[in-house]
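First the structure, in the form of structure tokens, and then the observations on it.
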Protein chains: 2
Amino acid sequence: MSQRVEEKYRAIQRLTGDIKAPEVGVALSDLFQECLRFLRKVKCVELESKIPGKQYFAFELGKKISRAINKAEYNPDSNEWDRLLKAVQAGDASAFSIQDDTRAVYAAAISFCALIDLTKSGDQKTPGTFFEYLIGHLFASRLGVNPRTRLPVLNLDMDTTLPTDFVFDLGANRAKFHLPIKTSTRERVIQVWAHQRVLDGVYGTGRFIGTPVILAETKTDTKKREVVEICLPDQWRIYQMHIAQLKRIYYLDVPVSYARLNEVFPPLCVRPFGEYFVEVDTLISSPS
Amino acid sequence: MSQRVEEKYRAIQRLTGDIKAPEVGVALSDLFQECLRFLRKVKCVELESKIPGKQYFAFELGKKISRAINKAEYNPDSNEWDRLLKAVQAGDASAFSIQDDTRAVYAAAISFCALIDLTKSGDQKTPGTFFEYLIGHLFASRLGVNPRTRLPVLNLDMDTTLPTDFVFDLGANRAKFHLPIKTSTRERVIQVWAHQRVLDGVYGTGRFIGTPVILAETKTDTKKREVVEICLPDQWRIYQMHIAQLKRIYYLDVPVSYARLNEVFPPLCVRPFGEYFVEVDTLISSPS
């Protein structure tokens with residue numbers, strides 16, 4: 001990545017000790033602006049979408065091509081993002097919009113990921129870490145608490161700590177969120193249900209609300225310039241029935257075959273991430 | 001890899017449709033011989049072992065260094081391997097030896113993995129696939145049945161198939177084995193327990209005996225020439241208590257801190273792989 005992008009990224013990293021702080025939002029905005037400046041100079045190429053009802057393109061630089069970008073969800077402009085940040089800071093529930101907020105976060109997330117795709121080789125880690133910062137900041141500042149990544153286990157003669165994905169603890173006798181954050185899941189997704197099962201087992205069922213946040217499940221064939229979604233809906237239903245119950249699965253680009261899981265019985269709630277901002281107060285207080 | 005090694009490896013791949021067949025054993029022997037020939041010409045370097053009671057070395061070729069090899073477990077000679085193959089083919093339970101059989105399989109496994117480390121860059125997949133063939137053949141020919149990797153799910157209105165690791169079905173009302181095979185596990189190990197939980201949930205607890213086979217958990221710092229074992233024993237205990245029960249965890253190079261799990265209560269049975277050949281008849285028939 002360019003030196004300017006690198007500097008902006010390092011600025012975020014330095015602030016992640018207090019990820020809910022407004023300064024993290026400002027640093028994320030700076031980086032987003034820088035990515036947009038970079039991408040404005042880069043060529044776009046059409047991808048052939050094998051996904052019903054969705055159109056994709058990619059950025060191209062030299063011999064490199066970025067991940068697939070959903071045309072309808074991508075707005076290369078930071079106005080929506082700035083509005084969302086303001087609404088989150090103000091805690092103004094009436095200012096949220098499921099569709100606009102999902103688009104705002106999608107643009108910020110995919111711009112940086114695409115830039116890394118174009119400027120590094122085989123780097124999956126930086127986009128993944130960045131995506132954790134981005135979602136971590138939004139989730140934390142909406143709730144007003146910072147996440148933890150270790151929990152104490154006190155179970156008879158066991159006295160140890162359990163490393164976890166982000167967990168957000170709203171305090172005694174209040175909801176706790178279990179928040180795995182992934183740019184995509186593929187066959188590794190079973191880990192998300194398994195970690196939820198461990199939390200249910202160690203601390204009691206119902207204490208942690210499992211709400212993973214995932215960017216997309218697209219896969220691009222760079223030679224054929226084709227994009228598909230890699231989804232395992234039957235397996236997800238089996239995991240939800242037999243491992244543990246996730247309350248929501250939020251996506252920035254909801255895969256078509258997972259969206260259908262909302263409509264079968266028992267439903268699996270797969271939602272655009274923007275819904276989080278609107279429904280989180282209900283999730284916290286609803287009985288199940 | 002060299003053309004001769006590549007040819008021998010392809011020969012195994014062509015036979016994997018019937019992985020229990022004696023021809024697979026012969027092809028594995030051919031490849032093992034070829035690896036030994038290659039490695040005899042390669043320099044060995046000492047590694048500083050941070051693991052109590054274990055000594056390690058590595059092969060070095062040009063700028064590349066292989067994974068760590070346990071000195072006490074590595075015998076660069078195919079006699080023990082040939083003896084083991086014969087015993088497995090004959091189904092002669094008295095011919096097995098826990099220590100010698102573990103060493104025989106360790107040498108065959110780590111020789112090919114080391115060769116790949118020296119001749120390819122960042123190739124984790126080929127050693128992993130090879131290790132599946134190797135353990136798959138031994139497990140299958142000892143049991144006399146081939147593995148499957150998909151199972152039908154018939155659950156009210158669900159009618160689908162579940163992809164699995166190797167499962168060995170001894171027939172109606174008899175034991176079935178669930179056999180994940182990994183060269184190392186690290187933080188991905190939770191998948192093994194999660195898959196066991198799915199099998200218990202879908203088909204009923206006790207129907208599948210979970211017996212993962214793992215090569216080693218060593219990690220080499222190539223600059224410092226130091227080797228450590230990456231282990232998470234407290235987490236394993238939590239997974240075993242809260243996700244599902246694995247019957248055995250077999251290793252070719254048993255990690256020190258996992259070996260100790262045999263001695264705490266409730267024990268987690270972590271054993272050298274050679275024990276499989278000796279105890280499998282008991283595992284099949286014992287009530288739990």
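Structure values in brief
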| quantity | calculated |
| --- | --- |
| DSSP-defined antiparallel bridges as percent of all bridges, the protein assembly as shown, nearest 5 | 65 |
| Copy-to-copy label separations for B:T161, where each label sits 7 Å from Cα toward Cβ, in nm and ascending | 4.5 |
| Helix B:22-40 vs. chain B, principal-axis angle (Cα, 0 to 90°, nearest 10) | 30 |
| Three-way shape call for chain B based on the alpha-carbon gyration tensor, with the a/c threshold at 1.5 | prolate |
| Nearest-to-axis residue of chain B, judged by beta-carbon position, where the axis maps B onto A, in Å | B:A194, 2 |
| Per DSSP, loop chymotrypsin sites (Phe, Trp or Tyr not before Pro) in the range A:69-173 with at most 15 further Cβ within 10 Å | none |
| FRET efficiency, B:N75 to B:K219 (Cβ-Cβ, R0 22 Å, nearest 0.05) | 0.40 |
| Sum of side-chain charges, B:V264 neighbourhood, beta-carbon under 14 Å (Lys, Arg +1; Asp, Glu -1) | -2 |
| Teacher prompt: B:S94 distances to equivalent labels in other copies, 7 Å Cα→Cβ, nm | 8.9 |
| Per-selection Rg to Rh, the protein assembly as shown - Cα, Kirkwood hydrodynamic radius | 0.99 |
| Calculated [θ] (222 nm, deg cm²/dmol) that DSSP helices of n ≥ 4 give over chain A, each run adding -39,500 (n - 2.57) | -14000 deg cm²/dmol |
| Shape category assigned to the range A:3-143 from the gyration tensor of Cα positions, a/c cut at 1.5 | oblate |
| Folded to 0 to 90 degrees: helix A:125-143 orientation relative to chain A principal axis, Cα | 60 |
| Share antiparallel - DSSP beta bridges, the range B:148-285, percent rounded to 5 | 60 |
| Pairwise FRET efficiency - B:K41 versus A:N173, Cβ, R0 = 45 Å, nearest 0.05 | 0.10 |
| Label 7 Å beyond Cα on the Cβ vector: B:T16 copy-to-copy distances, nm | 3.6 |
| Out-of-range pairs (alpha-carbon distance over 23 Å; input A:K63/A:K120; A:K224/B:K64; A:K71/A:K219; A:K63/A:K182; A:K20/A:K120) | A:K224/B:K64; A:K63/A:K182; A:K20/A:K120 |
| On Cα atoms only, tilt of B:3-15 relative to the major axis of chain B in degrees | 10 |
| Where labels lie 7 Å past Cα in the beta-carbon direction, separation of A:A90 and B:T149 in nm | 5.5 |
| Qualifying aspartates and glutamates (Cα of each under 17 Å from Cα of A:K125; at least 8 residues distant if same chain) | A:E6, A:D117, A:D165, A:E217, B:E187 |
| Estimated FRET transfer efficiency (B:F265, B:R188; beta-carbon r; R0 22 Å; 0.05) | 0.25 |
| Principal semi-axes in Å for the range B:221-288 [√(5λ), Cα gyration tensor, largest first] | 26, 17, 9 |
| Rounded to 5, percent antiparallel among DSSP beta bridges of chain A | 65 |
| Selected from B:L61, B:L31, B:L252 as most flexible by GNM, with chain B as the system and alpha-carbon contacts under 10 Å | B:L61 |
| Under 10 Å, Cβ to Cβ, from A:E279 - net charge with Lys/Arg +1 and Asp/Glu -1 | 0 |
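Where a number appears in this text, it was derived from the coordinates with a stated rule and is not lab data. The model shown is predicted, which means the values in this text are computed figures rather than measured ones. Cβ: placed from backbone, ideal geometry, glycine included. Neighbour counts: every protein chain shown.
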